[in-house]
Amino acid sequence: MEIFYNDVSSLEAVAALLKNGCTGVIPADTIYGISALACQSTAERIYEIKKRPANKSLIMLSDADYLRNCGLYDVPAVLYDLWPCSLTAVLSCRDGGTQAVRVPSDDFILALVRQSGPIWSTSVNVSGRPCMNHADEIIEAFAGELDFVVRKRAEGASSVPSTLVDCSVKPYRLLRQGSYDASVLLY
């Protein structure tokens with residue numbers, strides 16, 4: 001398992017690992033997340049590591065430019081005024097279904113998704129157990145299952161997940177209250 005810090009010096013190496021199909025842990029602007037490049041094979045690996053039921057979806061971290069230009073999702077215009085922040089929105093996919101998407105307000109993770117493409121992110125824990133938010137605990141618990149861990153420079157930052165709002169229905173629906181006050185969306 002390779003260990004990095006969430007700063008510019010690690011950016012290219014972590015992006016290369018993601019592009020090569022590796023799975024690791026990356027801190028976002030909220031909590032640490034088990035992460036990989038957003039594709040089907042890496043999603044399966046994350047489900048396996050977390051022992052997560054297949055009916056629970058993963059959050060995709062991206063940047064606003066990708067979402068504007070990819071043509072895959074119906075993104076309400078108001079979200080572009082709010083992002084980047086710790087707000088995850090469930091969006092309608094243009095080919096059917098939904099996808100939870102977030103544009104995080106962390107410089108490292110934004111630079112990373114601009115280099116690698118969108119990534120999956122889900123809390124670091126075995127499904128149904130409490131989230132882990134300290135790198136040493138994560139490294140010990142998931143040794144042998146992860147390819148890399150990106151540590152925060154300062155442990156003890158936010159341990160509150162993002163707020164989750166379903167924007168695929170009207171009126172929008174609060175699914176999880178987290179670190180973002182989404183009252184502007186819930187009218």
5 Å is the cut-off here: which amide hydrogens, built 1.01 Å from N in the peptide plane, fall below it relative to Ile59, excluding neighbours closer than 5 in sequence? Ser121
Nearest-0.05 FRET efficiency for Glu140 and Ala64 at R0 = 35 Å, using Cβ-Cβ distance, is 0.45
Mind scanning Lys19/Lys50; Lys56/Lys152; Lys51/Lys170 and naming the pairs with a C-alpha gap bigger than 24 Å? Lys56/Lys152; Lys51/Lys170
Can you classify region 1-97 as rounded, prolate or oblate using the Cα gyration tensor, where a ≥ b ≥ c are the square roots of its eigenvalues, rounded means a/c under 1.5, and otherwise it's prolate if a/b beats b/c and oblate if not? oblate
In whole percent, and with a 1.4 Å probe on the protein chains, what portion of the accessible area of region 28-187 is carbon and sulfur? 49 percent
With Cα springs under 10 Å, the Gaussian network model of the chain assigns the largest mean-square fluctuation among Asn69, Asn133, Asn55 to Asn55
Please report, in whole Å, how far the alpha carbons of region 76-168 spread along each principal axis, starting with the longest. 41, 28, 25
Once phi is turned into ³J(HN,Hα) by the Karplus curve 6.51 cos²θ - 1.76 cosθ + 1.60 with θ = phi - 60°, what whole-Hz value does each residue of region 166-175 show in order, with x for glycine and proline? 7, 9, 8, 10, 10, x, 4, 10, 6, 9
Where is the GNM fluctuation largest for the chain (alpha-carbon springs, 10 angstrom cutoff): Ser41, Ser57, Ser92? Ser41
Give me the orientation-averaged projected area of the Cα convex hull of the chain, in nm², one decimal. 9.9 nm²
Arg176 versus Ala54: modelled label distance in nm, points set 7 Å from Cα along the beta carbon direction: 2.2 nm
Cα-only radius of gyration and Dmax that characterise region 1-57, units Å: 12.0, 37
Hey, in the GNM for the chain with a 10 angstrom Cα cutoff, which one of Asp95, Asp136, Asp29 fluctuates hardest? Asp95
Can you give the longest run of the chain that contains no trypsin sites (Lys or Arg not before Pro) sitting in a DSSP loop with at most 13 other Cβ atoms inside 10 Å? 95-152
Quick check: the angle from helix 40-50's long axis to the longest principal axis of the chain, C-alpha only, nearest 10 degrees? 70 degrees
Going residue by residue through region 5-20, the Karplus relation 6.51 cos²θ - 1.76 cosθ + 1.60 with θ = phi - 60° gives ³J(HN,Hα) values, rounded to whole Hz and with x marking Gly or Pro, of 10, 7, 9, 3, 5, 9, 4, 5, 5, 5, 4, 5, 4, 4, 5, 8
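The values are calculated or read from the model by the stated rules, or taken from the named source; none is laboratory data. This one's a predicted model, so the numbers in the text were calculated from it and none came from an experiment. Here the Cβ is made from the backbone with ideal geometry for all residues, glycine too, and neighbour counts use every protein chain on show. Keep in mind that these areas ignore ligands, DNA and RNA; they rest on the heavy atoms of the full protein, side chains included. Shrake-Rupley method; radii C 1.70, N 1.55, O 1.52, S 1.80 Å.
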